[in-house]
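> Here it is, the structure, as structure tokens.
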Amino acid sequence: MAVVVQKYGGSSVATIEKIKAVAERVIERKKKGDEVVVVVSAMGKTTDHLINMAKEISPNPNRRELDMLMSTGEQVSIALLSIAFQQFGYDAISLTGFQAGILTEGMHTKNRIADVRIENVKKHLDEGKIVIVAGFQGINQFGDITTLGRGGSDTSAVALASKLKCTCEIYTDVEGIYNVDPRMYSDAKKLDNISYEEMMEMASLGAGVMEARAVEIACKYNIPIYVALNTGEKLGTYIKEYDETMENKAITGLTASDDVLMVTIRNVPCKAKSIALIFERIAKYNVNIDMISQTAPLDGYVNVSFTTSKEDIYTIDDITKEIKKEIPTIKVSKELDISKISVVGIGMMKQSGVAAKVFSILSENNIEFKQVTTSEISISYTIDSIDKGRAVTALAKELNL
Ligand code: ADP
Ligand code: ASP
Ligand code: MG
């Protein structure tokens, strides 16, 4: 008998009917002789609603309490799914992240899985039960409920699969991984396979179909992920180790992200010490910086810009206040209407000219970019959000995606 972890996202459990349909699909699998661990997300847009309620009380809610609040969403879906299995005559048990042994570390609302104590899940599987685990949540060393960052149910599923040494199947509302988000570009093409590295890069640059950390864990433990439509009717996409049979185009995918906060600090004395101080303070607060740019010195001063997640806007305010105490000349501005467009592909390592091609497509379409960063397998550009749709369409068409 093989074990499999199946994860169903919010849209797949959005209504009672859909929860019953998930139960029926899992039962089909069980009848074929597999032991199934099901990981579920909160129903539909529940997590957004929970966050909005907290924000009606405070613009910057306490993060421990946000975790307490958000974790309730997944608990509703695990209990309902378990009730559905029992109604259909199957033995099942729902487990919170804590009960499933998901131990986390780090900051509230963006915890990382430190370990999974899999014994309890195994015990219930050995007893022949279908085990249902709440995605997105765990418990930290202080016994507090934590969450793993938006989209974190993918991470819960892959972490469980890596401990059970089995395949992880992610069921969602699209047929698989496409080279461009099909909601942004209707001619996008579904990929049969994609390497861990490319998927990790696409996920961290905005392809919300998979959580980047989930792919990172799968890559580390070499756990294959299969992403497919929740009805299982069509062939989905395998995320696995790169091999020569995979398409070797320079560009595998295109992503766009609106989660960009661009911070500019003007009037910084042009000394290495001042620049170092800025980035030391940011690091102290655990804020992840993405793109960095600096203007040429003018009268002994420079302007420094960087991008980060919009989530960190309040932390950035605290940080810049601290910096201002030590460098009183600075002036800080924040821009929120910025998007990041990225092209990703392992083939880029061997092919040159990709950046030049993207530059010329953007310029032919009169789209100005503000910053550019590159990794071995991606190139990213920040642009005004208003140009995002045009940029995606122009790039996807001209790059034959
Ligand atoms: P779930 O609730 O199942 O976790 P998500 O909303 O998190 O589902 O992810 C599915 C969505 O991801 C799709 O509806 C699609 O619009 C979006 N998406 C973004 N980029 C891609 C991509 N490259 N391929 C497929 N879907 C993508
Ligand atoms: N419910 C959480 C969210 O909306 C986790 C997930 O769906 O993966 O982000
Ligand atoms: Mg998701």
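> Among 331, 18, 190, which one shows the biggest mean-square fluctuation in a GNM of the chain, springs joining Cα atoms closer than 10 Å?
Largest GNM mean-square fluctuation: 331.
> Counting only heavy atoms of protein chains, what accessible area per residue, in Å², does the chain have with a probe of 1.4 Å?
Values: 18760 Å² over 401 residues.
Ligands and nucleic acids excluded, the figure is 47 Å² per residue.
> For labels at residue 184 and residue 331 in the simple 7 Å Cα→Cβ model, what's the distance in nm?
About 3.3 nm, to one decimal.
> Got a sec to turn the phi values of segment 280-294 into Karplus ³J(HN,Hα) couplings, 6.51 cos²θ - 1.76 cosθ + 1.60 with θ = phi - 60°, whole Hz, x for Gly and Pro?
Listing the rounded values in order: 5, 4, 5, 5, 4, 8, 6, 8, 7, 9, 9, 8, 10, 9, 9 Hz.
> For residue 114, which sequence-distant residues (separation of 5 or more, or a different chain) have an amide H within less than 5 Å of its own amide H, given hydrogens modelled in the peptide plane?
The answer is 103, 104, 105.
> On to the next question. Quick check on the chain: what does the Kirkwood estimate of hydrodynamic radius come out to from the alpha carbon pairs, in Å?
Details: mean 1/r = 0.0443 Å⁻¹.
Here the Kirkwood hydrodynamic radius works out to 22.6 Å.
> Just subtract the alpha-carbon distance of residue 301 and residue 45 from 0.36 nm times their residue separation and send over the number in nm, one decimal. Please list the in-between numbers first.
Details: separation 256, 0.36 × 256 = 92.16 nm, distance 4.68 nm.
Fully extending the segment from residue 301 to residue 45 adds 87.5 nm.
> For the chain, set up a Gaussian network in which alpha carbons nearer than 10 Å are linked by springs, and say which option among 101, 389, 347 fluctuates the most.
Taking springs between Cα atoms under 10 Å, the residue moving most is 389.
> For segment 108-228, please report how many Lys pairs fall under 19 Å Cα to Cα, leaving out neighbours fewer than 8 apart on the same chain.
8
> So, one more: Can you give the extra length, in nm with one decimal, that the chain gains between residue 141 and residue 293 once fully stretched, where that is 0.36 nm per residue apart less the Cα-Cα distance?
On the way: separation 152, 0.36 × 152 = 54.72 nm, distance 3.83 nm.
Length gained between residue 141 and residue 293: 50.9 nm.
> Rounded to the nearest 0.05, what FRET efficiency is calculated for residue 372 and residue 2 with R0 set to 45 Å and r the Cβ-Cβ distance? Spell out each step's value before the answer.
Values: r = 46 Å, r/R0 = 1.02.
That gives a FRET efficiency of 0.45.
> Could you check how much of the accessible area of the chain is carbon and sulfur, as a whole percent, using a 1.4 Å probe? Intermediate values should be presented prior to the final figure.
Values: 9680 of 18760 Å².
In the chain, the share of accessible area belonging to carbon and sulfur is 52 percent.
> Further, regarding this structure: How many nm separate the modelled label positions at residue 259 and residue 285, each set 7 Å beyond the Cα in the direction of the Cβ?
1.8 nm
> From the phi angles alone, apply the Karplus equation (6.51, -1.76, 1.60; θ = phi - 60°) to segment 42-59 and give each ³J(HN,Hα) in whole Hz, x where the residue is Gly or Pro.
5, 5, x, 9, 3, 4, 4, 4, 4, 5, 4, 4, 4, 6, 5, 8, 9, x
> Rounded to the nearest 500, what is the 222 nm mean residue ellipticity of the chain from helices alone, with -39500 (n - 2.57) per DSSP H run of 4+ residues and division by all residues? Kindly include the intermediate steps, with their values, before the conclusion.
On the way: 11 runs with 141 residues, N = 401.
Helix-only estimate at 222 nm: -11000 deg cm²/dmol.
> Turning to a different aspect of this structure: What is the distance in Å between the Cα centroid of segment 240-265 and that of segment 182-232?
Each part reduced to its Cα centre gives a spacing of 10 Å.
> Between segment 337-399 and segment 93-166, how far is it from one alpha carbon centroid to the other, in angstrom?
Spelled out, the Cα-based centre of one part sits 37 Å from the other.
> Springs between alpha-carbon atoms under 10 Å, Gaussian network over the chain: tell me which of 253, 232, 138 tops the mean-square fluctuations.
In this elastic network of the chain, the residue with the biggest mean-square fluctuation among 253, 232, 138 is 232.
> Which distance in nm do the two modelled labels at residue 72 and residue 386 give, with both placed 7 Å along the Cα-to-Cβ direction?
Here the answer is 4.1 nm between the modelled labels.
The values are calculated or read from the model by the stated rules, or taken from the named source; none is laboratory data. All values derive from a computational prediction rather than experimental measurement. When we count neighbours, we look across all protein chains shown, and the Cβ atoms used for this are built from the backbone with ideal geometry, even at glycine. What goes into the accessible areas is simple: the full protein's heavy atoms, side chains included, and nothing from ligands, DNA or RNA. Shrake-Rupley method; radii C 1.70, N 1.55, O 1.52, S 1.80 Å.
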